[in-house]
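Read-outs throughout are calculated quantities, based only on the coordinates presented, and are distinct from any laboratory measurement. Keep in mind the model is a prediction, meaning the values are calculated, not measured. Note: ideal-geometry Cβ built from the backbone for every residue, glycine included; neighbour counts use all protein chains shown.
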């Protein structure tokens, strides 16, 4: 693998990780605030319910975005498909 190829792979990996982190933060904030707002009239500590739910949603979103972007990157060279040589 040449130096140029290594750099492009590193850039794509950093991009995938960064996109996953951003998606996770956005999901955490959106879901956390949404659950808190919906439960506010019914549950007194609605923030204590909204934060963990938002945390789980953020973690799931971060992992999924990173995996989807990595699979798209690897699909062109056959490594992203099961059973490919």
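Here, P(r) means the percent of Cα pairs in each 5 Å bin from 0 to the largest distance; for segment 18-75 it is 4, 24, 21, 17, 12, 9, 6, 4, 2, 1. The order of 15, 44, going from fewest to most other C-beta atoms within 10 Å of their C-beta, is 44, 15. Remark: the residue 14-residue 29 segment gains 3.1 nm on full extension, using 0.36 nm per residue and subtracting the alpha carbon distance.
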